[in-house]
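Undergrad: I'd like to ask some things about the structure below.
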Amino acid sequence: MEGLDRNLIDGKMVPAAGGGTFETLNPATEEVLGVAADGTAEDVDVAIGAARTAFDTTTWSRDHAFRARCLRQLHDALVSHADELRELTIAEVGAPRFLTSIAQLDSPIEDLLWAADLAERYEWRTDLGEATPVGIRSRRWVEKEAAGVVGAITPWNFPHQINLAKLGPALAAGCTVVLKPAPDTPWAAAAVAQIAATETDLPPGVLNVVNSSDHAIGAMLSSDPRVDVVSFTGSTATGKKVMAASAETLKRVFLELGGKSAFIVLDDADVAGASGMAAFAACTHAGQGCAITTRLLLPRARFDEGVAAATSAMEALGAKDPQDPGTICGPVISARQRDRIEGYLRLASEEGGTFATGGSRSATHDRGFFIDPTLVVGLDNSSRVAREEIFGPVLVAIPHDGDDDAVRIANDSPYGLSGAVHSGDSERAWAVARTVRTGTMSVNGGVWYSGDVPFGGYKASGIGREMGVQGFEEYLETKAIAEAV
Ligand code: NAD
């Protein structure tokens, strides 16, 4: 595909100012795939200016039907390039091939249609009727309008999902966007930019994509007064910096951050079956998902049964080549990330934990950043390994003493992104689901992930929601208008 070494600024695919590039790697082989544009502060400045001009001087923000048409064009164009995008995603992200038919590629493309439909069917205007509040008879309306220029900052773990879950709703709402993708996966965003620039009618400046190896250029989106909204997905530590930097210009900030979610198995559940599912979840994309459940809370009396089932599931899954359609757990994104995970594995031992399985980088690969699926036992919820986000295929099993105790442990976390509960009794499972303080909960294997379902976190997992009508409304302003009658 052309344009992977370019940025999209003001409708054109252009090299970085100064012509710099940086390499993008295949994490399964450590081979250099090629180079991306190494955007600079100058590029971000021009991109913000283009987005501002497109918002302020065109009909983009008010023409709902045109926006819906552009989003459907983008959907159709991405679908027509799905095979190329799939291979690129497996190579650059290390995403297991099976995941590209769901959240790593096909589902977020499909969700663009949902966003396009919403642009047309959303109730942009509500008539509140007449009233005489201070002696003047008036008719009142509430109108929704686009919030303005969006600075979108994204991570590398599910690049298409996160990039498109911001672009689709933001563009459907009538905003213009500057997207700053993660340096680990620049091609995923450049490919979408190239397709948007060459195969859709998106007007110049409406969508800008600036790749860079320099994290600091993301900070410009928080501080620039021309940006109205910062939509950030990434770590909690960076999210705090984004929020602080946005305070000076009083931007609206939307944050999707980290997680350390609990998979709760109650004592009347199929403990072995549920524990196998927990192992599968923890290994998916090598555990590099913010909403992945990474603490397995097992009834104390059936702890060994759950650990045995999770162990055998993890050993069957292994860490494998992402090209293989049967792979669930591929490589982690980089040497830095592998080293960070190994640091947590050493910490698990130092804290007194042991490994029911795994515990090290994979011996079956002589290249690539592979960690064996790992189940840690012998630690309680106060350990750092149980509290901090590891972002690798590492599950910590912790015993609980009944439903209330399981909820207490689940909630004893700085995070509140996701969770799961399994029980033979649906009502009992629902009671637990309602008391866990997280933005999403799966009951007995239910799947909440979908374009129309709001996703986001409580506590240190974030502020606001992505996807669903609630996510769309993050990109809207509310205006009340009254006319004397
Ligand atoms: P990160 O926070 O290091 O980086 C995220 C993005 O922020 C990157 O594009 C980076 O270049 C940019 N950035 C870095 N410093 C910045 C600054 N000071 N100002 C503005 N932008 C800056 O995260 P990562 O390592 O790329 O991704 C992994 C993290 O993302 C994990 O913590 C994971 O839980 C989280 N995540 C959350 C969700 C969610 O929806 N809640 C989804 C996926 C990933």
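Undergrad: Hey, got the dipole for the chain? About the Cα centre, +1 on K and R Cβ, -1 on D and E Cβ, debye to the nearest 20? It would help to have the intermediate numbers written out before the result.
TA: Values: 42 positive and 65 negative charges, 220 e Å.
Roughly 1060 debye, rounded to the nearest 20.
Undergrad: Taking the dipole about the Cα centre of the range 32-143, with the C-beta of Lys and Arg at +1 and of Asp and Glu at -1, give me whichever of Val93, Gly49, Ser61 is farthest to the positive side.
TA: Towards the positive end, the residue furthest out is Ser61.
Undergrad: Just how far, in whole angstrom, is the range 66-84 from the range 267-303 if you go by their alpha carbon centroids?
TA: 37 Å
Undergrad: Quick one: Cα centre-to-centre distance for the range 134-184 and the range 186-242, in angstrom?
TA: For the range 134-184 versus the range 186-242, the Cα centre distance is 12 Å.
Undergrad: Could you state the angle between the C-alpha long axis of helix 236-247 and the longest principal axis of the C-alpha atoms of the chain, as a value from 0 to 90 degrees rounded to the nearest 10?
TA: Result, in degrees: 20.
Undergrad: Could you point to the residue in Ala147, Thr40, Ser426 farthest towards the positive end of the chain's charge dipole, with +1 and -1 charges on the Cβ of Lys/Arg and Asp/Glu respectively?
TA: Value computed over the given set: Ala147.
Undergrad: In what sequence do Lys12, Lys251 fall when counting other Cβ within 10 Å, fewest first?
TA: Details: Lys12 11, Lys251 24.
The fewest-first ordering by Cβ neighbours comes to Lys12, Lys251.
Undergrad: Of Leu25, Ser349, Ala247, which is farthest towards the positive pole of the chain's charge dipole, taken about the Cα centre with +1 and -1 on the beta-carbons of Lys, Arg and Asp, Glu respectively?
TA: With unit charges placed on the Cβ atoms, the residue in question is Ala247.
Undergrad: Using modelled amide H (1.01 Å from N, peptide plane; none on Pro or chain starts), what sits under 5 Å from the amide H of Ile264, excluding residues fewer than 5 places away?
TA: Leu297, Ala420, Val421, His422
Undergrad: Report, to the nearest 10°, how far helix 41-57 tilts away from the longest principal axis of the Cα atoms in the chain, using its own Cα long axis and a range of 0 to 90°.
TA: On a 0 to 90 degree scale, this one is about 50.
Undergrad: In what order do Val432, Val485 fall by count of nearby beta-carbon atoms within 10 Å, going from fewest to most?
TA: The fewest-first ordering by Cβ neighbours comes to Val485, Val432.
Undergrad: Going down the table (Lys241/Lys479; Lys180/Lys240; Lys12/Lys144), which pairs top 22 Å between alpha carbons? Please report the intermediate quantities before stating the final value.
TA: Details: Lys241/Lys479 30 Å; Lys180/Lys240 17 Å; Lys12/Lys144 31 Å.
Checking Cα-Cα distances, Lys241/Lys479; Lys12/Lys144 exceed 22 Å.
Only the coordinates and a few stated rules stand behind these numbers; no lab work does. Being a predicted model, the structure only gives us computed values, none of them experimental. Because the Cβ atoms are built from the backbone with ideal geometry, glycine has one as well, and the counts that use them run over all protein chains shown.
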